[in-house]
Amino acid sequence: MSSKSINVDQKLAVNRFLVDESYRHIKIRDQEACKNCETRPCTVACPAKLYEWNEETKEMMYNYEGCLECGTCLLICPHDNLDWNYPRGGFGVQYRLG
Ligand code: SF4
Ligand code: SF4
């Protein structure tokens, strides 16, 4: 294995994010669909852990800040319930290599 390989936690520590305060690049279309979602795979599949089910309010809490733009949540959502776009130019994750 290459001595340069790092795990996701280490990767998160070296990434930089430029947060666009005026535009959420990920939006849940319908909280009702999340309420009825059988397994809520977004909560376990997102490598940045940005989705969390709130059992008290019966709502999916989520955050677009810290998104790694991997697209996993979009692909894995069984109800096509995410309005997903890349952040606007210049915003979002900035991967640092090396
Ligand atoms: S996988 Fe989709 S529908 Fe299910 S909880 Fe997550 S965002 Fe909601
Ligand atoms: S694109 Fe990836 S990092 Fe961003 S919210 Fe979806 S699963 Fe998480």
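A compact table of results
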| item | result |
| --- | --- |
| Modelled FRET efficiency - R0 22 Å, Asn15 with Thr72, Cβ distances, 0.05 increments | 0.85 |
| Percent of Cα-Cα distances greater than 20 Å, calculated over region 26-94 | 23 |
| Environment charge of Asn81, counting only residues whose C-beta is closer than 10 Å and scoring Lys/Arg +1, Asp/Glu -1 | -2 |
| Phi to ³J(HN,Hα) by Karplus 6.51 cos²θ - 1.76 cosθ + 1.60 over region 68-77, Hz, x for Gly, Pro | 8, 6, 7, x, 4, 4, 5, 6, 8, 5 |
| Asp80-Gln94 pseudo-label distance in nm [points 7 Å out on the Cα-to-Cβ vector] | 3.7 |
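Every number here is computed from the coordinates shown, using simple stated rules; none is lab data. It should be emphasised that the depicted structure is a prediction, and the values quoted were computed from it without experimental measurement. In this analysis, Cβ positions are derived from the backbone assuming ideal geometry, glycine residues included, and neighbour counts consider all displayed protein chains.
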